[in-house]
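Working notes, beginning with the structure itself.
The values are calculated or read from the model by the stated rules, or taken from the named source; none is laboratory data. Since the structure is predicted, the reported quantities are computational estimates derived from the model, not experimental observations. Cβ placement follows ideal geometry from the backbone for every residue including glycine, while neighbour counts extend to all protein chains displayed.
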Amino acid sequence: MQRIGVFVCHCGSNIAATVDVSKVAEMALMEPGVVHAEDYQYMCSEAGQAKIQDAIHEKKLSGIVVCSCSPRMHEATFRKAAERAGLNPYMVEIANIREHCSWIHKDMEEATKKAVILMRAAVAKVNLNTPLKPGESRVTKRALIIGGGIAGIQTALDIADAGYEVDIVEKTPSIGGRMSQLDKTFPTLDCSACILTPKMVEASAHEKIKIYTYSEVEKVSGFVGDFTVDIRKKARSVDMDKCTGCGVCQEKCPSKKAPSEFNRGLNNRSAIYTPFAQAIPNVPVIDREACIKFKTGKCGICSKVCQAGAIDYEQKDEIITEKYGAIVVATGFDTINLDKYDEYAYSQSKDVITSLELERVMNAAGPTHGHLERLSDGKAPKEMVFIQCVGSRCSDDRGKPYCSKICCMYTAKHAMLIRDKYPDVNVTVFYIDVRTPGKNFDEFYRRAVEQYGVNYIKGQVGKVIPQPDGKLLVQGSDLLDNKQILKEADMVVLATAIEPNPDVRKIATMLTASIDTNNFLTEAHAKLRPVESPTAGIFLSGVCQGPKDIPETVAQAGAAAVKAIGLLAKDKLLTNPCTAHSDELLCNGCSTCENVCPYGAITYEDKEVNDHGIREVRRLAVVNSALCQGCGACTVACPSGAMDLQGFSNRQIIAEVDAICR
Amino acid sequence: MSEKKKQAELIEEISGVNPLKCMKCGKCSATCPSYNEMDIKPHQFVSYVINEDVESLVNSESLWKCLSCFACVERCPRDVKPGKLIDAARQMVVRQRGQAYLSPDEIPELLDPELPQQLLVSAFRRYRR
């Protein structure tokens, strides 16, 4: 018989205001096995934990139940406290009377009844608990970063500086990401390339960092500390060891009609290309869709002009298999597709552009060499209109429900830069709210208004109508003056909503990392574990977790690195002992469990068993406890009841249900 | 419940619109072709319903200046659809006058020059969906 102690927490007034905590403690004493019960204001505090430990010693408790918040919050806290008092940590059960009871109910009497029932279920389970001992698994001291933008580069540098090997996998031919496409950065207006390219160089020169560009993660297996990853190195058609990066091939390539991804399709590039001049590595790739040699078999000019003999039309995709202890996702974002926003005439006029396109227009290496001009006729604009929140903060099916966070600041930046360089251009910004919560952010926005004379109008634009003379008629609201405004503009810039890189869904599935309805990766705890995925060993860096500007991304990238380093610094990890195991005498080898296991932890083997004196060879399920995550899917699926989960056995679950129904 | 509140709730019920979803962006007023003719502007309709001042709405010029073009309904980023609120206010007036629903077959016979065109247009637009 167990000797059980029950500890009921008030959680200040979080629980005590709705649940009669002393009543719960009083009722606990009537449960079988319970020899001690008490309530206290904050069980998780040092004093609360001391009460638990004292009771374990004095009453010689063999198991405890803590009636408190969700086990996700403090199960680990109470298990550690019990362990320090000499109790096996798996003899601790949590009855969640906060999230599951006090927070969601109002009636004290009913809530108290429910809290008592939850306590009873936990006591019934502890009566059947047995001490469990975690196993050990090794840690591969190398990290994988998926995505080579500023988030991925910063995380890689921080992990590598701590002395661990890091691999970066980047889908495009160069690292650098979105930040490499930006012209200037708020709120200090320093040139994006000037602060980013040194970091790119540092990453590529770092002895601990290996960069796989033009590569994608193809398959992930394993678990925290011991992931096995297949990386597909797409055929570059250029030998990276031989190429000197002279650029002659790009100059001589006769196929120059592929839209430049780097310049957002505003101009064209050659079929053999590096995305931009400062690309790392400075080795081009051949776009086989655009290359004449690959399309017709004739041409081969790049091969003829390459002095280094680096062109290799026969190159094939290569799969590299590598082991990692930690994986950091840094897949970043893109702007949303504007097809559903006909009213802004984006697809009708070349002079209606997104803000990211304006970055390229303003950039000296961009399609207009940094001159602000209309993309339709090359004329200098006199009137510019910026429209905020295009696709952000929408509850319809056209846009995104969230605020994209960066648009208010980059629009103030654009407006300011244009007014500074072209004082004769009038700039009007239609806004719903101006959101500038950041260090020196509101001051920056006010400078745009007060110092640079940018005209901010509170109200959204209803439609943009292209005129026969090439002008754009903008019809918008001025809500403060209660007027409808008609304004002729030469260019219209749309602050287009951002969304996670569409590839993230595929990657999240491979990593079994959860994503939310907007395809942002979910963090383990919204406040307290913001850079970790709920899946152990997976960390989040940058916009893949939620909209962020550069300073926030860099800060989060460092935080993700610290968490990864914390993992890599360990030689061994304790594994969860709550894993499945199969009863040899009940298993009939039907394969049902193997089919439902999401972790590939179940295999079969032929084994001789002694079934009540009958010796025969049977096909039996075997669980690899290093791979098993204890999800319990197999125990539910098993038709013969052979599969059972340690710590959550069928008997324990039934006992809990019985206690609830009593 | 006060009479004013009842009226506001009736508007919400007829229109199927939750005015609290409005984020006051003004895109409805920005997109409205009849804006200059209106005394109460499309974006203001929302706050009139929230403030339970339906009486001003049903007595407004706007009620009969709205073309029922539903541009505001199409473009509202928050699914608030001021056009539907206006439509609902118009229906309230019509109901009070005792003019109930029509079957489409009866319309040609009943057409008379006094009948507000908006009623027909908005009815067709509404039931098209």
- Message: Within the range A:618-625, does at least one residue satisfy the condition of being exposed (fewer than 13 other Cβ atoms within 10 Å of the Cβ), outside the structural domain of residue A:523 (by TED's automatic domain parsing) and not in a loop (DSSP other than H, G, I, E, B)?
- Response: no
- Message: Would you confirm whether or not the range B:79-98 contains a residue that is within 14 Å of another protein chain (Cβ to nearest Cβ), surrounded by 21 or more Cβ atoms within 10 Å (Cβ to Cβ) and over 11 Å from the mean Cα position of the chain (by Cα)?
- Response: yes
- Starting from the range A:550-572, take each residue that is touching a residue at least 12 places away in the same chain (Cβ under 8 Å) and within 30 Å of residue A:191 (Cα to Cα) and list its partners that are in a helix (DSSP H, G or I) and of a type in the set (A, V, I, L, M, F, W, C), counting only C-beta distances under 7 angstrom and pairs at least six apart or across chains. A:550/A:150; A:550/A:179; A:553/A:150; A:553/A:151; A:553/A:543; A:554/A:150; A:557/A:151; A:561/A:159
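Each row is one residue, and each column tells you yes or no for (1) over 30 Å from the mean Cα position of the chain (by Cα); (2) within 18 Å of residue A:333 (Cα to Cα).
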{"residue": "A:358", "(1), (2)": "no, yes"}
{"residue": "A:378", "(1), (2)": "yes, no"}
{"residue": "A:414", "(1), (2)": "no, no"}
{"residue": "A:435", "(1), (2)": "no, no"}
{"residue": "A:446", "(1), (2)": "yes, no"}
{"residue": "A:455", "(1), (2)": "yes, no"}
- Message: I need a count of the residues in the range B:8-28 that are within 14 Å of chain A (Cβ to nearest Cβ) and touching a residue at least 24 places away in the same chain (Cβ under 8 Å).
- Response: 10
- Query: Does residue A:516 meet the test of being surrounded by fewer than 20 Cβ atoms within 10 Å (Cβ to Cβ), away from chain B (no Cβ under 14 Å) and in contact (Cβ under 8 Å) with a residue 12 or more places away in the chain?
  - Reply: no
- Item | Hits in the range A:435-470 (condition: outside any helix (DSSP H, G or I) and either within 13 Å of chain B (Cβ to nearest Cβ) or among the aromatic types (Phe, Trp, Tyr) (or both)) | A:435, A:452, A:456, A:457, A:458, A:459, A:460, A:461, A:462, A:463, A:464, A:465
- Query: Taking helices (runs of 4 or more DSSP H) that do not extend beyond the range B:37-77, which have at least 3 residues that are out of contact with any strand residue (DSSP E or B) (no Cβ under 9 Å at 6 or more places or on another chain) and either farther than 15 Å from residue B:90 by Cβ or within 10 Å of another protein chain (Cβ to nearest Cβ) (or both)?
  - Reply: B:42-50
- Task: Could you pull out the residue among A:493, A:504, A:554 that is under 11 Å from the mean Cα position of the chain (by Cα) and crowded, with 19+ Cβ neighbours inside 10 Å?
- Result: A:504
- Of those in the range A:548-578 that are part of a loop (DSSP other than H, G, I, E, B) and in contact with a helix residue (DSSP H, G or I) (Cβ under 9 Å, 6 or more places away or on another chain), the residue farthest from residue A:518 (Cα to Cα) is A:577
- Task: Would you confirm whether any residue within the range A:314-336 is within 24 Å of the chain's Cα centre (by Cα), within 14 Å of another protein chain (Cβ to nearest Cβ) and surrounded by 19 or more Cβ atoms within 10 Å (Cβ to Cβ)?
- Result: yes
- Item | Of the criteria (1) modelled with pLDDT of 95 or more; (2) over 12 Å from residue A:123 (Cα atoms), which one residue A:94 fails | (2)
- Task: Answer yes or no: is there a residue in the range A:131-143 that is farther than 30 Å from residue A:324 by Cα and either buried (at least 19 other Cβ atoms within 10 Å of the Cβ) or outside the structural domain of residue A:624 (by TED's automatic domain parsing) (or both).
- Result: yes
- Query: Which numbered condition trips up residue B:108, out of (1) within 13 Å of chain A (Cβ to nearest Cβ); (2) at pLDDT below 90?
  - Reply: (1)
